[in-house]
Amino acid sequence: MMAQFSSQKGRPIAIFGGTFDPIHSGHLTVAHAAMQRLNLDAIYFVASGNPPHKPKTRPAAFVHRYAMVALACSGHRGYIASLAEAPDPEGADVCYSLDTVKDFRREYAGVHLHFIVGADSFLLLPTWHRHEQLLEACDFVVANRPGFQMERLVQGIPPRQLAKSISTNPNIIALRKSSVHLLPTVESNISSSDVRRRVRQGNSIGGLVPKSVEDYIRKQALYR
């Protein structure tokens with residue numbers, strides 16, 4: 001299900017996918033940096049429904065994760081909580097990023113599309129479903145984390161996908177049909193697993209997640 005949004009300025013848009021269990025302040029920092037760097041018109045936060053790479057522990061129900069994403073997006077112009085990967089009622093379908101990107105390309109034909117991921121996730125790209133097609137279907141925006149060497153990102157790219165000419169911008173990896181944009185100054189030690197751990201231990205998560213998300217977690221008794 002697509003959230004309707006019309007780009008009136010011809011500016012690009014981005015998909016920010018993830019489990020968001022829960023969404024935290026680090027995610028919003030990355031989104032803000034990407035919005036400013038690429039002059040994005042909108043960022044669609046896509047909470048995964050039935051991800052193919054399932055975590056070791058079952059995430060919170062989609063309805064809760066989506067609700068927290070919607071709360072986090074509230075008040076931020078251009079941040080849109082998307083139901084693009086809402087789970088199938090029968091729970092049978094797996095959500096692949098390539099399919100999501102194709103859906104967005106059909107919905108917003110002619111609008112330049114980016115896909116936001118963290119550096120660790122990008123390194124795992126070769127394990128994603130039809131990852132080479134995904135690399136050709138949109139540009140990627142990769143956020144850094146503390147201690148990560150950005151040169152390692154090339155390891156996640158098949159050599160045949162690299163452009164013959166090297167970009168003069170050190171923060172752009174030129175591919176044959178797309179580009180990888182690096183956000184080297186965006187670093188965050190916040191992780192969803194740390195937020196969940198702190199909740200289980202009864203510790204404060206103030207500042208780690210938006211206040212509205214903190215209140216939701218408390219009222220719904222999540223992660224206890």
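The values are calculated or read from the model by the stated rules, or taken from the named source; none is laboratory data. This one's a predicted model, so the numbers in the text were calculated from it and none came from an experiment. Cβ coordinates were reconstructed from backbone atoms using ideal geometry, including for glycine residues, and neighbour counts include every protein chain displayed.
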(Q) Any residue in the range 155-171 that is farther than 16 Å from C138 by Cα sitting within a Cβ distance under 8 Å of a residue that is at pLDDT 90 or above and basic (K, R)? List the pairs, counting only those 6 or more apart or interchain. (A) R160/R176
Q: Please tell me if E151 is of a type in the set (D, E) and either more than 28 Å from N189 (Cβ to Cβ) or in contact (Cβ under 8 Å) with a residue 40 or more places away in the chain (or both).
A: no
**Q.** Pick from the range 121-174, criterion in contact with a Lys or Arg (Cβ under 9 Å, 6 or more places away or on another chain) and of a type in the set (K, R), ranking: surrounded by the fewest Cβ atoms within 10 Å (Cβ to Cβ)
**A.** K164
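From the list A31, A60, which one is farther than 30 Å from P184 by Cβ, at pLDDT 90 or above, surrounded by 15 or more Cβ atoms within 10 Å (Cβ to Cβ) and small (G, A, S)?
One residue alone meets the criteria, A60.
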Q: Please determine, by comparing only the residues of the range 176-211 that are within 21 Å of the chain's Cα centre (by Cα) and hydrophobic (A, V, I, L, M, F, W, C), which one is surrounded by the fewest Cβ atoms within 10 Å (Cβ to Cβ).
A: I190
Q: Give just the number: which of (1) under 17 Å from the mean Cα position of the chain (by Cα); (2) at pLDDT 90 or above; (3) surrounded by 15 or more Cβ atoms within 10 Å (Cβ to Cβ) does G118 not satisfy?
A: (2)
Q: Would you mind listing the strands (runs of 3 or more DSSP E) fully within the range 23-133 where at least 2 residues are hydrophobic (A, V, I, L, M, F, W, C) and without any contact (Cβ under 8 Å) to a residue 60 or more places away in the chain?
A: 42-47
